[in-house]
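Working notes for the structure below.
The values are calculated or read from the model by the stated rules, or taken from the named source; none is laboratory data. Bear in mind the structure is a predicted one, so any value in this text is a computation, not a measurement. Note: ideal-geometry Cβ built from the backbone for every residue, glycine included; neighbour counts use all protein chains shown.
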Amino acid sequence: MEKFRLLKADEIEVKVKQVTAKGAVLLLYKTARTDMDLLDETVGAENWTCDYTEIKGNLYCRIGIYTKDLGFVFKEDCGIESREDGEGNEKKGEASDAFKRAGFRWGIGRELYTSPFVWVSADKLNLEQYNGKYKTNDRFSVKEIGYDENRRINRLSIVNDKTGKVVYTMGAASTPKPEQPKEPQKCEKCGKLIVGYEGRNGKMVTSEQHIAATKKMFGKALCVECAKKMKANKEG
């Protein structure tokens, strides 16, 4: 069976686990929607299914994936109720958690278990104190993530969405590949190289600027001499 790919940065959520006067602990997690999307992408929407069973008060979810040799193969796990939010969503949270845990059984997002301990110091947060306890309303997201050959996280960058600043980094940040120098462009009429020159106002006109101007005026890249001739013929 095809292995599920590693999660991309925008598929990983960040939540605040603990807040103190000195800072906060952050956790990486995935949503059930991410599991569904990866199941659709990897095996096809018609080739997986799920169902739920309550066993001794615990809600279990099992995810089945269709195989040609064995038919549907199932893996399951139980969920944990979310904390009461005053809107009765505890059971909904338990069902979602069970689904995500069953997804882990299949290997979806299992690389999150290799996440480092993420600590953000207080100077990078907006902290509030209430009844002797600290909290923050800041939101965070994964800006960049990388993995080694064993599917373990070896590079991580997390940003504070409110400030736009990076608050945690692990490993060397990837650097964009330098742009390859462009080949000098030749005149489409005489074949000479098109070069920059000093304009009438004393400012330099680059070859790129000149080419853009001739393409707009004549529909082709021309050197200065050919562009002057074309202009003279056009005006004449």
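Which of the residues that make up the range 137-166 are among the β-branched types (Val, Ile, Thr) and over 21 Å from Thr31 (Cβ atoms)?
Hits for the range 137-166 are Thr163, Val166.
Go through (1) touching a helix residue (DSSP H, G or I) at 6+ places or on another chain (Cβ under 9 Å); (2) touching a residue at least 40 places away in the same chain (Cβ under 8 Å) one by one and return the number of the condition Lys135 breaks.
That leaves (1) as the condition not met.
Among the residues of the range 109-132, which ones are small (Gly, Ala, Ser), out of contact with any Lys or Arg (no Cβ under 6 Å at 6 or more places or on another chain) and either touching a residue at least 24 places away in the same chain (Cβ under 8 Å) or closer than 11 Å to Val14 by Cβ (or both)?
Matches in the range 109-132: Ser115, Ser121.
Report yes if some residue within the range 10-19 is polar (S, T, N, Q), at negative phi and either surrounded by 12 or more Cβ atoms within 10 Å (Cβ to Cβ) or not assigned by TED's automatic domain parsing to the domain that holds Val142 (or both); otherwise report no.
Within the range 10-19, not a single residue is polar (S, T, N, Q), at negative phi and either surrounded by 12 or more Cβ atoms within 10 Å (Cβ to Cβ) or not assigned by TED's automatic domain parsing to the domain that holds Val142 (or both).
Within the range 186-209, track down each residue that is surrounded by 11 or more Cβ atoms within 10 Å (Cβ to Cβ) and assigned to a loop (DSSP other than H, G, I, E, B).
Result: Cys187, Glu188, Lys189, Cys190, Lys192, Ile194, Val195, Gly196, Gly199, Thr206.
When residues of the range 33-61 are filtered for being outside any strand (DSSP E or B), farther than 29 Å from Phe117 by Cβ and of a type in the set (Ser, Thr, Tyr), how many remain?
Number of matching residues: 1.
Could you say whether any residue in the range 216-232 is assigned to a strand (DSSP E or B), at pLDDT below 90 and surrounded by 14 or more Cβ atoms within 10 Å (Cβ to Cβ)?
No, the range 216-232 has no match at all.
Within the range 17-32, track down each residue that is assigned to a loop (DSSP other than H, G, I, E, B) and farther than 23 Å from Lys92 by Cα.
Within the range 17-32, Ala21, Lys22 qualify.
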